[in-house]
Amino acid sequence: MSISNLDSVFISQRTPLLRTLVKIVKNASIAEELVQETYLRVARSLRDKPVDHLEPFLFQTGRNLAFDHLRRERMQSRTMLDDVPDAIMQAVPAPGSSSEDSLHAERLLQRLGNALEQLSERQQRIFILSRLHGQGYAQIAAELGVSASTVQKELKLIMTLCMTLLERLAPPT
């Protein structure tokens, strides 16, 4: 099948594909992005090899992207919380806490931001890709042209720096 066939199938199946992806990811804007990514992935695949049954391939690609998205989200939330000791989590002020707690949290975030700015450009990129974008070691390594082991070591160093700073700045109990 050619790109022109993909265009016609995509146009006719776009709405059902979007509905399917919204059911999976529970977010219309993310589903919309996944629909666009689906088109790009399928178009790329068609350049490499022909696909006999384009419609099922389109839907399977979309579902795979949606499940990948959910896995990244789950990994990101789990990884971020797993990296923070319970004592630090308990020190984060709850909404409606005292202004003193809020001021302390604001200072803590400012100092943490300053510490992260001191990292090398590569370390900052690793931190952002891992903690904010939820990418795994292999993805980051491929993007930055380094080994997964290097990414893992750098991330461990960064998290140690962050945890040390947080522990040092935690208010006395």
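The values are calculated or read from the model by the stated rules, or taken from the named source; none is laboratory data. Since the model is a prediction, treat every value here as computed from it, not as a measurement. We place every Cβ from the backbone using ideal geometry, glycine too, and count neighbours over all the protein chains shown. With ligands, DNA and RNA removed, areas are computed over all heavy atoms of the protein, side chains included. Shrake-Rupley method; radii C 1.70, N 1.55, O 1.52, S 1.80 Å.
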Check your understanding: Only one of these conditions is not met by Gln90: (1) under 24 Å from the mean Cα position of the chain (by Cα); (2) open to solvent by 90 Å² or more (accessible area, probe 1.4 Å); (3) modelled with pLDDT under 65. Which number is it?
Key -> (1)
Review point. In segment 56-67, how many residues are touching a helix residue (DSSP H, G or I) at 6+ places or on another chain (Cβ under 9 Å) and loosely packed, with under 15 Cβ neighbours inside 10 Å?
Key: 2
**Study point:** Scope segment 135-165; condition touching a Ser or Thr at 6+ places or on another chain (Cβ under 6 Å) and more than 17 Å from Met75 (Cβ to Cβ); matching residues
**Key:** none
Exercise for review: Output the number of residues of segment 102-131 satisfying the condition of being aliphatic (A, V, I, L, M), open to solvent by 100 Å² or more (accessible area, probe 1.4 Å) and in contact (Cβ under 8 Å) with a residue 12 or more places away in the chain.
Suggested key: 0
Study note, to complete from the structure: When segment 121-173 is checked residue by residue, the ones that are of a type in the set (D, E, K, R) and within 17 Å of the chain's Cα centre (by Cα) are Arg125, Arg131, Glu143
